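*Asks:* This is the structure, below, for whatever I ask next.
The values are calculated or read from the model by the stated rules, or taken from the named source; none is laboratory data. From a predicted model like this one, the values you see are computed outputs, not experimental measurements. Positions of Cβ are backbone-derived with ideal geometry, glycine not excepted, and every protein chain shown enters the neighbour counts.
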Amino acid sequence: MWVFYGLVSALFLAAYDVIRKYSLNNNPVLPVLFLASATAGLVFVPLVVLSFISGALFFSEQNMRRKSFALAGILTGIVLIIFGTIG
């Protein structure tokens, strides 16, 4: 099941990158990047609020072990390296 989630995540990340690069064409860079980041952040606000209210509806750090945190950190590092080399 995680392969499906990985592919969906890659699809959305690629679409986001293409749309961001298209929107930066002949536009001021900082306002466009700020609005893109703010919009992406607003999408996740309801999920974060619901997670805090329900306890474990979407994500709960209490259910994660140290190994899971380490793997999430490694994945974050890989994504940062990839996006750093693409731009």
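*Asks:* State the number of residues belonging to segment 8-35 that are part of a helix (DSSP H, G or I) and among the polar types (S, T, N, Q).
*Replies:* Residues of segment 8-35 part of a helix (DSSP H, G or I): 8-23, 29-35.
Filter once more, keeping what is among the polar types (S, T, N, Q): 9, 23.
The number of residues fulfilling the criteria is 2.
*Asks:* Restricting the search to segment 1-43, which residues are small (Gly, Ala, Ser) and under 17 Å from the mean Cα position of the chain (by Cα)? Before you say what the answer is, go through the steps one by one.
*Replies:* Step one: filter segment 1-43 for residues small (Gly, Ala, Ser), giving 6, 9-10, 14-15, 23, 36-38, 40-41.
Those that are small (Gly, Ala, Ser) and under 17 Å from the mean Cα position of the chain (by Cα): Gly6, Ser9, Ala10, Ala14, Ala15, Ala36, Ser37, Ala38, Ala40, Gly41.
*Asks:* Another one. Does any residue in segment 39-54 that is closer than 27 Å to Asp17 by Cα come within less than 9 Å, Cβ to Cβ, of a residue that is surrounded by 11 or more Cβ atoms within 10 Å (Cβ to Cβ) and not aromatic (Phe, Trp, Tyr) six or more places away or on a different chain, and which pairs are these?
*Replies:* Within 9 Å, the pairs are Leu47/Leu57.
*Asks:* Out of all the residues in segment 49-65, is one or more in a helix (DSSP H, G or I), at pLDDT below 80, in contact with a Phe, Trp or Tyr (Cβ under 8 Å, 6 or more places away or on another chain) and surrounded by 11 or more Cβ atoms within 10 Å (Cβ to Cβ)?
*Replies:* Within segment 49-65 (the criterion being in a helix (DSSP H, G or I), at pLDDT below 80, in contact with a Phe, Trp or Tyr (Cβ under 8 Å, 6 or more places away or on another chain) and surrounded by 11 or more Cβ atoms within 10 Å (Cβ to Cβ)), the answer is yes, since at least one residue qualifies.
*Asks:* What number of residues in segment 1-42 are among the hydroxyl-bearing types (Ser, Thr, Tyr) and surrounded by 10 or more Cβ atoms within 10 Å (Cβ to Cβ)?
*Replies:* Residues meeting the conditions: 4.
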